[in-house]
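The values are calculated or read from the model by the stated rules, or taken from the named source; none is laboratory data. In this text the structure is predicted, and so the values were computed from the model without any measurement. Cβ placement follows ideal geometry from the backbone for every residue including glycine, while neighbour counts extend to all protein chains displayed. The area values use the complete protein model at the heavy-atom level, side chains included, leaving out ligands, DNA and RNA. Shrake-Rupley method; radii C 1.70, N 1.55, O 1.52, S 1.80 Å.
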Amino acid sequence: QSLNKQFLNTLEGCTSAAAVVWFRRALGCWMSTIDASAIKLLIFDQYKTLTEGESDPEREIIREFALSNSYTAVEEVVCGTLWGEGGEKEYLTSLVRRLQLPDVEDTYSRLRSIFQRDARTERVVSEAATVLLELSMRGYRLAILSNAATPQYTHVLQDERIRKLLDPELCVFSYAVGLVKPDARMFELVCDRAGVPKAECVMVGDSFRSDFEGSGRAGIGFRVLIDPKGDHSDVSPRLRSLGELLDLLPPRSK
């Protein structure tokens, strides 16, 4: 893959556009553009789409407490438990009860440590701010739809360059609404807040189950899978990196 990329970069610098198109198709990375006139809202997943790193609190909790629960079941609790007025104490109490963990102080301490340690392992990808700025300049509205455990997991809002491009009302985190993707209500919520029909939205994410399939079942008009490892070769459109989105989404007409 790295050799292909190196060759493609060389090719782009010394030959015709037609040859570049042919080679991209041969690599399986060619994507025709989406009709920009049909799109009003771009909805982005956060983790492993706009960020990178080792963050995975569900995995860490399963490992720490030797749980037999499925990953999906733990995610529904960790990311789908509403962070209310009671804050961290109320949230952790709910986790302990729903995951049937020992209701002792040591459990709460271990959970706090997991979230604090885990959140620090994630960072915004270097090209995210540039890509989002360019898409905004091309006339697209931007939204965030993320399965996030707690307010610690709002990395895109912690990046000043990205935060100023976003409407806070269109940044929907699961902990704030008590729902998790692929629940159709998550997608409906962000579309309703934007006042944009689902058919005129694009969902961009890295999870085939939560982002691609989930948005499709919810009725989102267009879906794009970020698939850097090439795990889903049968999916289209499928991009290897966030930056390739600029090839897929041309400027909207004024």
Checklist outcome for this item: Among helices (runs of 4 or more DSSP H) entirely inside segment 78-162, those with 2 or more residues being within 15 Å of the chain's Cα centre (by Cα) are 128-137
Checklist entry - Taking segment 95-126 as the region of interest, how many residues are more than 25 Å from VAL156 (Cβ to Cβ), surrounded by 12 or more Cβ atoms within 10 Å (Cβ to Cβ) and of a type outside the set (A, V, I, L, M)? => result 5
Next on the checklist: So ALA176 ticks every box in (1) aliphatic (A, V, I, L, M); (2) open to solvent by 20 Å² or more (accessible area, probe 1.4 Å); (3) free of Cβ contacts under 8 Å to residues at least 40 places away in the same chain but one. Which box is left unticked?
Outcome noted: (3)
Next on the checklist: With the requirement that a residue be in contact with a helix residue (DSSP H, G or I) (Cβ under 6 Å, 6 or more places away or on another chain) and of a type in the set (Ser, Thr, Tyr), what does segment 201-252 give you?
Outcome noted: SER215
Item to check | Check on ARG141, under 19 Å from ILE62 (Cα atoms), out of contact with any Ser or Thr (no Cβ under 9 Å at 6 or more places or on another chain) and either loosely packed, with under 14 Cβ neighbours inside 10 Å or charged (D, E, K, R) (or both) | outcome: no
Checklist entry - For the subset of segment 67-77 comprising residues that are out of contact with any helix residue (DSSP H, G or I) (no Cβ under 8 Å at 6 or more places or on another chain) and part of a helix (DSSP H, G or I), which member is nearest to TYR153 (Cα to Cα)? => result GLU76
Item to check | Qualifying helices (runs of 4 or more DSSP H) (wholly inside segment 184-254; at least 1 residues being within 13 Å of LEU41 (Cβ to Cβ) and open to solvent by less than 10 Å² (accessible area, probe 1.4 Å)) | outcome: 184-194, 214-218
Checklist entry - So which of THR150, THR130 ends up being of a type in the set (S, T, N, Q) and open to solvent by 10 Å² or more (accessible area, probe 1.4 Å)? => result THR130
Checklist outcome for this item: Considering residues that are of a type in the set (A, V, I, L, M) and open to solvent by 40 Å² or more (accessible area, probe 1.4 Å), the number found within segment 82-94 is 1
